[in-house]
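Enquirer: Have a look at this one before I ask anything.
Each reported figure results from applying straightforward, stated rules to the coordinates on display, with no laboratory input. A quick note: this is a predicted structure, and the numbers were derived from the prediction, not measured. Note: ideal-geometry Cβ built from the backbone for every residue, glycine included; neighbour counts use all protein chains shown.
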Amino acid sequence: MRFAWICFVAALFIIASAGCGESSGGEAPSEGAEVSGGGELTVFAAASLMDAFEELGEDFEEENPGVEVSFNFTSSSTLATQIIQGAPADVFASADEAQMENAGNENLLAGEPEIFAENREVVVVPEGNPAGAEEFGDLAQPDIRLVLALEEVPAAEYAEKIIGNASEESEYGPDFEEAVLGNIISREEDVRASVNRVVIGDADATFAYASDVTPSVRDEVEVVEIPEDLQVVPTYPIAILEGSEEPEIARAWVDLVLSEDGQRILGKWGFEPVAQ
């Protein structure tokens with residue numbers, strides 16, 4: 001009888017142990033957890049995130065053997081349109097909240113977006129500043145060749161808000177906005193393209209993010225700071241997309257971006273990390 005009781009207790013222990021070993025398929029991995037197995041992660045990200053995300057991608061692949069990360073970098077407005085039109089992706093990282101909301105309004109987000117970084121706008125001019133745009137107010141001078149990203153691109157929207165803010169200040173006057181916008185000679189696909197126009201000398205100035213003054217262009221441009229009281233703070237949200245084929249990997253990627261290491265790398269590339 002005692003032997004039978006021992007066997008019964010042992011059986012219960014085995015069953016309980018097996019139950020504890022099971023994991024919920026819907027539970028997201030904890031921050032920093034490695035992804036089991038391989039897979040491909042597709043990240044749609046604002047063009048300004050290119051350098052930081054490519055470095056994060058290398059780290060992510062190294063930490064998760066068998067996982068391949070591919071990126072689509074362009075303007076947030078273009079990315080939102082592509083997602084709404086059905087382009088397959090796992091994660092969307094936008095340079096503003098409005099484009100993320102556009103995707104959310106179509107029920108294309110798997111959860112609430114999380115703010116992972118902030119940025120600031122600067123005016124970028126060619127090395128040597130041949131047009132003499134030494135201060136922000138100089139953008140209203142005649143014959144300044146200004147380029148901006150397309151109107152729906154967040155970097156351009158932030159720029160126009162800043163210019164509008166200046167027109168409300170007595171230092172610049174009510175005609176400042178009209179004068180500056182009248183100097184626009186072209187609209188580019190995204191903020192990196194507008195910076196490139198300055199680098200090659202096709203434009204005298206553009207508005208860009210501080211993070212766009214990367215080592216590859218730092219010796220070819222100069223930065224004109226925008227007064228703090230005119231600034232508009234760009235915020236960057238990230239979200240996993242509904243219908244992601246790799247939700248576990250997508251969650252691990254978002255966790256990395258939000259982690260201390262992710263925030264450090266974003267800071268290295270000119271972003272302003274946010275407290276979680």
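Enquirer: Taking amide H atoms as placed 1.01 Å from N in the peptide plane, list the residues 5 or more away in sequence, or in a different chain, whose amide H sits under 5 Å from that of Glu245.
Expert: Distant-sequence amide H within range of Glu245: zero hits.
Enquirer: Could you tell me the distance between the Cα centroids of segment 73-88 and segment 197-276, to the nearest Å?
Expert: Cα centroid of segment 73-88 versus Cα centroid of segment 197-276: 18 Å apart.
Enquirer: For q = 0.24 Å⁻¹, what log10 I(q)/I(0) does segment 99-154 give under the Debye formula with an equal point scatterer on each alpha carbon and no solvent?
Expert: -1.07
Enquirer: Select from Arg192, Arg264, Arg120 the residue whose mean-square fluctuation is largest in a Gaussian network model of the chain (Cα-Cα springs shorter than 10 Å).
Expert: It is Arg264.
Enquirer: Starting from the Cα of Glu118, step 7 Å toward the Cβ, then list every residue of segment 235-264 with an amide N under 20 Å from that point.
Expert: Those under the cut-off are 235-239, 257-264.
Enquirer: Per-residue ellipticity at 222 nm for the chain, helices alone: DSSP H runs ≥ 4 residues times -39500 (n - 2.57), over residue total, nearest 500 deg cm²/dmol?
Expert: -11500 deg cm²/dmol
Enquirer: Here's another thing I want to ask about it. Can you tell me the Rg and the Dmax, both Å, for the Cα atoms in the chain?
Expert: Final numbers for Rg and Dmax: 24.2, 102 Å.
Enquirer: Mind sorting Glu272, Glu178 by how few other Cβ atoms lie within 10 Å of their own Cβ, fewest first?
Expert: Ordered by Cβ neighbours within 10 Å, fewest first: Glu178, Glu272.
Enquirer: For the chain, with a Gaussian network of springs between Cα atoms less than 10 Å apart, report the residue from Pro227, Pro215, Pro237 with the top mean-square fluctuation.
Expert: Pro215
Enquirer: I've got another one for you. Which ³J(HN,Hα) values, rounded to whole Hz and listed in residue order, are derived for segment 178-188 from phi using the Karplus coefficients 6.51, -1.76 and 1.60 in 6.51 cos²θ - 1.76 cosθ + 1.60 with θ = phi - 60°, glycine and proline given as x?
Expert: Ordered by residue, 3J(HN,Hα) equals 4, 5, 5, 5, x, 8, 5, 9, 6, 10, 9 Hz.
Enquirer: What do you get for GluC sites (Glu not before Pro) in segment 222-260 restricted to DSSP loop and a cutoff of at most 16 other Cβ within 10 Å of the site's Cβ?
Expert: In loop regions of segment 222-260 (DSSP not H, G, I, E or B), the sparsely surrounded GluC sites (Glu not before Pro) are Glu225, Glu242, Glu245.
Enquirer: Helix 247-258 sits at what angle to the longest principal axis of the chain, using alpha carbons and giving 0 to 90 degrees rounded to 10?
Expert: The helix 247-258 is inclined about 50 degrees to the chain.
Enquirer: For a footprinting-style exposure proxy, rank Ile185, Ile163 by other Cβ within 10 Å, fewest first.
Expert: Ile185, Ile163
Enquirer: With both bridge residues required to lie in the chain, what share of the DSSP beta bridges run antiparallel, to the nearest 5%?
Expert: About 50 percent, rounded to the nearest 5.
Enquirer: Output ³J(HN,Hα) for segment 138-148: one whole-Hz value per residue in order, computed from phi by the Karplus curve 6.51 cos²θ - 1.76 cosθ + 1.60 with θ = phi - 60°, and x for Gly and Pro.
Expert: 5, 5, 8, 5, x, 6, 6, 8, 9, 10, 9
Enquirer: Taking the chain as a Gaussian network, where each spring joins two C-alpha atoms under 10 Å apart, which residue of Glu171, Glu152, Glu118 fluctuates the most?
Expert: Ranking Glu171, Glu152, Glu118 by mean-square fluctuation puts Glu171 first.
Enquirer: Charges at C-beta only: +1 for Lys and Arg, -1 for Asp and Glu. How large is the resulting dipole of the chain about its Cα centre, in Debye rounded to 20?
Expert: So the magnitude is around 1060 debye.
Enquirer: Taking only Cα atoms of segment 52-97, what ratio of Rg to Rh do you get with Rh as the Kirkwood inverse-distance radius?
Expert: Value, to two decimals: 1.02.
Enquirer: Then there is this: Taking neighbour Cβ counts within 10 Å as the exposure measure, how do Val147, Val213 sort from fewest upward?
Expert: Starting with the residue having the fewest Cβ neighbours, the order is Val213, Val147.
Enquirer: Which far-off residues, 5 or more places away or on another chain, put their amide H under 5 Å from the one on Leu41, with H placed in the peptide plane?
Expert: Those qualifying (amide H under 5 Å, at least 5 residues apart or on another chain) are Glu68, Val69, Ser70.
Enquirer: Treating only the Cβ of Lys, Arg, Asp and Glu as charged (+1, +1, -1, -1), what charge dipole size does segment 147-276 show about its Cα centre? Round to the nearest 20 debye.
Expert: Dipole of segment 147-276, to the nearest 20 debye: 400 debye.
Enquirer: Then there is this: Got a sec to turn the phi values of segment 213-223 into Karplus ³J(HN,Hα) couplings, 6.51 cos²θ - 1.76 cosθ + 1.60 with θ = phi - 60°, whole Hz, x for Gly and Pro?
Expert: Residue by residue, segment 213-223 yields 8, 7, x, 5, 10, 4, 7, 10, 9, 10, 10 Hz.
Enquirer: May I ask you to compute the full-extension gain from Ser70 to Gln141, defined as 0.36 nm times their residue separation minus their alpha-carbon distance, rounded to one decimal in nm?
Expert: 21.2 nm
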